[in-house]
Amino acid sequence: MSLSDIQKDALQELGNIGAAHAATTLSQMLNSPVEMSVPKVIAVDIAKLSEYIGEDPSAMVAFELQGEIPHGGYVIWYLSRDSAIRITNTMLGMTDTDRPFNEMDESALREVGNIMVSAYLDGTAELLGFVMLPSPPSLVIDMAHAAMQSLIAQMAEEINEVFLFRTDLTCLEHKIDSDIILMPENSSLHKMLNLLEEMMKPPV
Amino acid sequence: MIVTTMTDPFVQTDPTAMIGIGEYRVGSFRMASIGLGSCIGLTLFSPEQKVGAMVHIMLPESSGRTDRPGKYADTAIPLLLNELSTLGVRKGSIICKIAGGATMFEAFSASMNIGQRNIERVKKILAEQNLRLVSEDVGGKMGRSVYFTPQENGKVLVRLANGSSREI
């Protein structure tokens, strides 16, 4: 499936609204400014996934999209292992970064991810009037590519290409660098495109 | 005097062919697939000819799809055998190794245990083809990167996210 420039712009705007909501909640939780990149919507051939998502140890908090479309795709909050430790240290009032993850860290990451992703999906639902609900969070601390690959393998539709809505969220004060990635199933993507087209039609 | 040098397997002098999801390569050069989750990295190697093949399988069944044969267990294995036989490799000489098939997200309703199904399907097809599976590192919850060096007697190295690695 290829997207026109107008469709890409519309989807990027959708990603922008979602990510802005997520950035606000992250900023509130860290009590520190969070910068947000311009959201990108990219089509990635699955054979080339490793050019976008590497094998570095990372924390991935993943959510399945539910709601009107039962298996709508996934949203993933993706951060380097070091950023993940720094975020939980900031929240739990610790300073040691050279330590293994414990249950408190894992639970904090799931919770922060849950709040951010819920805000992201609130933002997109407000704009589209199309509700995508997040499943409970699932956390993996491992190679990022392996986690993404596992999600792609279990997508409902057989695909050779995935669309990634990706926005970088960074907090300079705490040296936290993270990405929020929406990976819709084609069924959700079509629905989003239809709704966006409706919105862009001039009033009759 | 015999001088032996310690070589770090991750410092490379030869280029390595990166094999992405659903891709495969055949030859005597170094090959690698990074970040296997539920996917399977399968290597076939002929010690007689020092030539091998590697594929990055994502799903057990092609269900009639033919566009990317390397993506599915049922189409990938016959494909590699065919490629090796055109290079004159004797089927009886081939040894196989597999890595991957992890279950990283147990919680999701859609997960359907793809990792496990991949492992079972690959093993079944290897057995049907009378191919020898000599070594494996499969299952569990961990992601793996796999490095295959036909020139070093078909050595297969599996690396985990924590940096530890082992030969299989």
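If we count every other residue with Cβ under 11 angstrom of residue A:85's Cβ, Lys/Arg +1 and Asp/Glu -1, where does the sum land?
Working: positive: A:81, A:86, A:99, A:175; negative: A:82, A:96, A:98, A:105.
Charge balance in the 11 Å sphere: 0.
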Given the options B:94, B:125, B:21, state which has the largest fluctuation in a GNM of chain B using a 10 Å cut-off (strictly under) for Cα springs. B:125
The protein assembly as shown: D in µm²/s via Stokes-Einstein (Kirkwood Rh, Cα pairs, 10 °C, 1.306 mPa s)? 73
What net charge is computed for the residues neighbouring residue A:22, neighbours being all others with C-beta under 13 Å from the C-beta of residue A:22, Lys and Arg scored +1, Asp and Glu -1? -3
Out of the stretch A:144-204, which GluC sites (Glu not before Pro) are coil in DSSP terms and have no more than 15 other C-beta atoms within 10 Å? A:157, A:158, A:173
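How much of the pair distance distribution for the stretch A:5-199 lies past 30 Å, counting alpha-carbon pairs only, in percent? Don't jump to the answer; show the numbers that get you there.
Values: 2941 of 18915 pairs.
Percent of Cα pairs beyond 30 Å in the stretch A:5-199: 16.
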Among B:106, B:61, B:120: highest mean-square fluctuation, GNM of chain B, C-alpha pairs under 10 Å: B:106
Pull up the cross-link candidates among the lysines for residue B:123, meaning alpha carbon to alpha carbon under 29 Å and not fewer than 8 places away within one chain. A:48, B:50, B:71, B:91, B:97, B:141, B:155
Using only alpha carbon positions, build the gyration tensor of the stretch B:17-158, then give the equivalent ellipsoid semi-axes as the square roots of 5 times its eigenvalues, largest first, whole angstrom. 24, 16, 13
Which of the trypsin sites (Lys or Arg not before Pro) found in the stretch A:104-204 are in a DSSP loop and have at most 15 neighbouring Cβ atoms, other than their own, within 10 Å? A:175
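All of the numbers you see were taken from the coordinates with simple rules; none came from a lab. Owing to the predicted nature of the structure, the values given are computational and were not obtained by experimental measurement. So basically every Cβ, Gly included, is an ideal-geometry build from the backbone, and we count neighbours across all protein chains shown.
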